[in-house]
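Take a look at the structure below.
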Amino acid sequence: MHLIETVLLLLLAVVVSGSIARVTRIALPLVQIGLGAVIVLVTGVTVDLEPDIFFLLFLPPLLFLDGWRIPKEDLFRDRAIILELALGLVIFTVIGLGFLMWWMIPEMPLAVAFALAAILSPTDPIAVQAIAARAPIPKRLMHILEGESLLNDATGLTCMRLAVAAATTGAFVLQEAVVNFAWLALAGVASGIAVTLAISTAKGWVSRRWGEDVGAQILISLLIPFGAYLAAEHVHTSGILAAVAAGITMNYVENLGIAMAVTRMRRNSVWDTIQFALNGIIFVLLGEGNLLVAAIITLGVIAINVVYLVPGMLPAKYLTPGLVFLFVFQIFVVLYCIYIAFTNYGSGHISTKDDAVNALLIQNQQRVEDSAAYPVSILEQNGQFFLLATTPDGDAEIGGDERPLEPAPDAEFSGDRAVSLPGYTTLDFSQIVANQAAITAIAVPFSDDPNDGTLQTRDGSTAYQFVSTLEWDPDADTMTNTDTGVVYHDNGNGSFESDDGQTLATGWQVWVGMDNFVRAFSTESIRGPFLAVLVWTFVFAILSVATTFALGLFLAIVFNDPRMKSKKYYRVIMILPYAFPAFLSALVWQGMFNQDFGFINQTLFGGASIPWLQDPFLAKVSILIVNLWLGFPYMFLVTTGAIQAIPEDIQEAGKVDGAGVWQIFRHIKFPLLLVSVAPLLISSFAFNFNNFNLIYMLTGGGPRFADASINVGASDILISMVYKVAFVGAERDYGLASAFSIIIFVLVAVISYLSFRQTKVLEELN
């Protein structure tokens, strides 16, 4: 009864969706997805269909009908383009997208990446029709898209089958893949044509002899796509292509005039109803299956409809991609950083509590002295190693790091030892030696209960049971050391802690509120270095802007003097430091500042041993000198342009009023110059406030503070301190580093705001 009610509910949702779509003018598939989500929220009813059942129920009739009704003349006229798109483009997309996902996620096996790409590559004919209904697409182009969408599913599924076969067997032969692809395609098409012609011929012969039964004729047309699909799948070919070929063949059979007019009219009505129902049920099930997916699809479809299909949205068509990237790569990063700042995320606290429990149990395992010996063979599949163990009872079991032991009835034995398993590669002695570290690190759980211990091997031949010295009690939420009897409780801060204050090394991520910000300003070993770095950051940023601006302005004034000869050559020389990458220049200067062999000590100071980069004060001086070298060309270019933009009439007017050169510069030129360059000075301050490359390449932030509990040195600025706290050293505190990042963001934002307000005042005064 539950199944019947569910089916009726799905059909009701399809009926209601049509009315809602007409009233609201929202795309019908979008409405159906939304109704599916509503059904789950209200009733809690979900439908989980196996892939094979889904393919059999929905794909054959829909693809059959699309093939039946597509214009044949247009299809064959543009057959070359359609085949190129459905075959070549899909294969190209599968290969390109597969390599891209493999590059982005190296842990994913290449065959699995190709399988996922094959799932994503084909376009859906229903989606094509839904978009085409709202967009002014030329008729011929629409027919090409429809034809391509009919055939690309077969290409995508065939590629997926080949990728899955390669993933399970661990082997891929191009010649065999081409032969298999040709067989799946050609035999699938032949199966669909043969089944349709055979049924149509038999039906016509019966109708001519004993008359035509309208109901029977309609039912036969409904069974043809399923017959073609099942026949093709029975001989291991493409059932999808068989259904499409059956639909195209049905069109030619119709042109022979075998069926009566009344039969064709009633049959068309029945098929229209079936198409509407099946298409609607698919989208309702999509919204019902996963609320998150339904929400993403809904928002995506709404955005596409509004931006690209609604007239008058031309600016949004170009701004939307940029805004999407802005959100993904900047806004999301900032929001995620803010979230991390309120957690204890860092070394020893990077995952969930369950993962921490499993890690603690594995880290503290010892071999059971009377453990039975398990003969094992090392297997490999998709870059992962597994233990094929022979139990004391003589049975074969297989397992991996995240896969508890399970029976392997298909294992092959050599004597009393299981040696191989279909779909896996058995490693020989040389391969075991080459991967010894990874193999000895394998810990196969005996069961889902972590207290049962693991199976481990040290030689790749025999394995033994290992049990942790810690015992996990999920009811009491405690860890107990079975050797010492010490009990560790959840301290609420993401760690197990004993009564005497000792904590276990591995913890988990939890929400800590403002603790990271409190630590930054209250813990002496953090507060002192942090405040020192904060002060030096402001000093460095201010002096960097002041020195580079002063030198750049001085050179700009000198080279702007009309009496200066060969100015263009000198200007080229002045901007040379700006032409080289900053990080390379910093490395060169690091060598020049070397205490024992550097050019500065050996040549300029006659072999003196001055610790430019080892002394805290001299390290800061060195940074300012190098930054002056790197920064003055930029200021020189900026101020040169600003000076040349000041009218000469102003200078002449000053001279007439009796002002000297210095007075004209101080009271007239310099204020006008500031109006132009003040925003650039602000941006330069912000840049130097976060000038990571110079600090890290020249001094590495050193010399390090001896009394600091975090990795920070005398020449560090805030951004380099954040980097070292987060990514350098054994202890990495991402939560604290994120808190520092928020502080930096607030400081730069406030300073920039006040500076721009002052710039506006300058503009009003001038």
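From (1) surrounded by 11 or more Cβ atoms within 10 Å (Cβ to Cβ); (2) within 43 Å of the chain's Cα centre (by Cα); (3) closer than 19 Å to GLY631 by Cα; (4) not basic (Lys, Arg), pick out the condition that doesn't hold for PRO581.
Failed condition: (1).
Of all residues in the stretch 413-428, count the ones that are aromatic (Phe, Trp, Tyr) and not in a strand (DSSP E or B). Give the derivation first.
Taking the stretch 413-428 first, the residues aromatic (Phe, Trp, Tyr) are 413, 424.
After this cut, where a residue has to be not in a strand (DSSP E or B) as well, the list is 424.
Selection size over the stretch 413-428: 1.
Within the stretch 186-205, work out how many residues are surrounded by 15 or more Cβ atoms within 10 Å (Cβ to Cβ) and either outside the structural domain of VAL244 (by TED's automatic domain parsing) or over 22 Å from HIS234 (Cα atoms) (or both).
Kept after step one, since they are surrounded by 15 or more Cβ atoms within 10 Å (Cβ to Cβ), are these residues of the stretch 186-205: 187-197, 199-200, 203-204.
Right, trim to either outside the structural domain of VAL244 (by TED's automatic domain parsing) or over 22 Å from HIS234 (Cα atoms) (or both) and you get 203-204.
The number of residues fulfilling the criteria is 2.
Could we say that ARG527 is closer than 30 Å to LYS724 by Cα and either in contact (Cβ under 8 Å) with a residue 60 or more places away in the chain or surrounded by 17 or more Cβ atoms within 10 Å (Cβ to Cβ) (or both) here?
Numbers: closer than 30 Å to LYS724 by Cα: yes; either in contact (Cβ under 8 Å) with a residue 60 or more places away in the chain or surrounded by 17 or more Cβ atoms within 10 Å (Cβ to Cβ) (or both): no.
No: the conditions fail for ARG527.
Would you confirm whether or not the stretch 601-608 contains a residue that is part of a helix (DSSP H, G or I) and surrounded by fewer than 11 Cβ atoms within 10 Å (Cβ to Cβ)?
yes
For (1) loosely packed, with under 14 Cβ neighbours inside 10 Å; (2) farther than 22 Å from LEU736 by Cα; (3) touching a His at 6+ places or on another chain (Cβ under 7 Å), each residue gets a yes or a no:
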{"site": "TYR488", "(1), (2), (3)": "no, yes, no"}
{"site": "ASP499", "(1), (2), (3)": "yes, yes, no"}
{"site": "THR503", "(1), (2), (3)": "no, no, no"}
{"site": "GLY507", "(1), (2), (3)": "no, no, yes"}
{"site": "GLY513", "(1), (2), (3)": "yes, no, no"}
{"site": "PHE521", "(1), (2), (3)": "yes, no, no"}
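Would you call ILE643 out of contact with any Lys or Arg (no Cβ under 8 Å at 6 or more places or on another chain) and in contact (Cβ under 8 Å) with a residue 24 or more places away in the chain? Write out each step before concluding.
On the way: out of contact with any Lys or Arg (no Cβ under 8 Å at 6 or more places or on another chain): no; in contact (Cβ under 8 Å) with a residue 24 or more places away in the chain: yes.
In short, no.
Give me the pairs: first residue in the stretch 583-602 and within 19 Å of ASN688 (Cβ to Cβ), second residue among the aromatic types (Phe, Trp, Tyr) and assigned to a helix (DSSP H, G or I), beta-carbon distance under 8 Å, and six or more apart or on different chains, which are they?
Pairs that qualify, where the first residue is within 19 Å of ASN688 (Cβ to Cβ) and the partner is among the aromatic types (Phe, Trp, Tyr) and assigned to a helix (DSSP H, G or I), are SER585/TRP629; TRP589/TRP629.
Mind checking which residues of the stretch 691-729 are surrounded by 18 or more Cβ atoms within 10 Å (Cβ to Cβ), over 25 Å from MET592 (Cβ atoms) and within 30 Å of the chain's Cα centre (by Cα)?
Within the stretch 691-729, LEU718, MET721, VAL722, VAL725, ALA726 qualify.
May I ask you to verify whether ILE442 is at pLDDT 90 or above, assigned to a loop (DSSP other than H, G, I, E, B) and crowded, with 16+ Cβ neighbours inside 10 Å? Reasoning before the result, please.
Details: at pLDDT 90 or above: yes; assigned to a loop (DSSP other than H, G, I, E, B): yes; crowded, with 16+ Cβ neighbours inside 10 Å: yes.
Judged against the criteria, ILE442 is a match.
Every residue in the stretch 469-510 that is among the hydroxyl-bearing types (Ser, Thr, Tyr) and without any contact (Cβ under 8 Å) to a residue 24 or more places away in the chain, please.
Those that are among the hydroxyl-bearing types (Ser, Thr, Tyr) and without any contact (Cβ under 8 Å) to a residue 24 or more places away in the chain: THR478, THR480, THR482, THR484, TYR488, SER498, THR503.
Those residues that are over 28 Å from ASP354 (Cβ atoms) and either surrounded by fewer than 16 Cβ atoms within 10 Å (Cβ to Cβ) or not polar (S, T, N, Q) (or both), I need them from the stretch 379-403; list them, please. Explain how you work it out, then say what you get.
Just the residues of the stretch 379-403 that are over 28 Å from ASP354 (Cβ atoms), to begin with: 390, 392-396.
Within the stretch 379-403, PRO392, ASP393, GLY394, ASP395, ALA396 qualify.
Which residues, taken from the stretch 508-531, are hydrophobic (A, V, I, L, M, F, W, C) and either touching a Cys at 6+ places or on another chain (Cβ under 7 Å) or more than 24 Å from SER755 (Cα to Cα) (or both)?
Taking the stretch 508-531 first, the residues hydrophobic (A, V, I, L, M, F, W, C) are 508, 510-512, 514, 517-518, 520-521, 526, 530-531.
Within the stretch 508-531, TRP508, VAL510, TRP511, VAL512, MET514, PHE517, VAL518, ALA520, PHE521, ILE526, PHE530 meet the criteria.
How many residues does the stretch 351-382 hold that are among the small types (Gly, Ala, Ser) and within 28 Å of the chain's Cα centre (by Cα)? I'd like the intermediate steps shown before the answer.
Pass one, the stretch 351-382, residues among the small types (Gly, Ala, Ser): 351, 356, 359, 371-373, 377.
With within 28 Å of the chain's Cα centre (by Cα) added as a condition, the list becomes 351, 356, 359.
Summing the residues that are among the small types (Gly, Ala, Ser) and within 28 Å of the chain's Cα centre (by Cα) in the stretch 351-382 gives 3.
Can you confirm whether THR462 is buried (at least 16 other Cβ atoms within 10 Å of the Cβ) and either within 21 Å of PRO392 (Cα to Cα) or without any contact (Cβ under 8 Å) to a residue 60 or more places away in the chain (or both)?
Numbers: buried (at least 16 other Cβ atoms within 10 Å of the Cβ): no; either within 21 Å of PRO392 (Cα to Cα) or without any contact (Cβ under 8 Å) to a residue 60 or more places away in the chain (or both): yes.
Taking the combined requirement at face value, the residue does not satisfy it.
The values are calculated or read from the model by the stated rules, or taken from the named source; none is laboratory data. No experiment lies behind these values; they were computed from the predicted model shown. Using ideal geometry, Cβ is built from the backbone for each residue, glycine included, and neighbour counts are taken over all protein chains shown.
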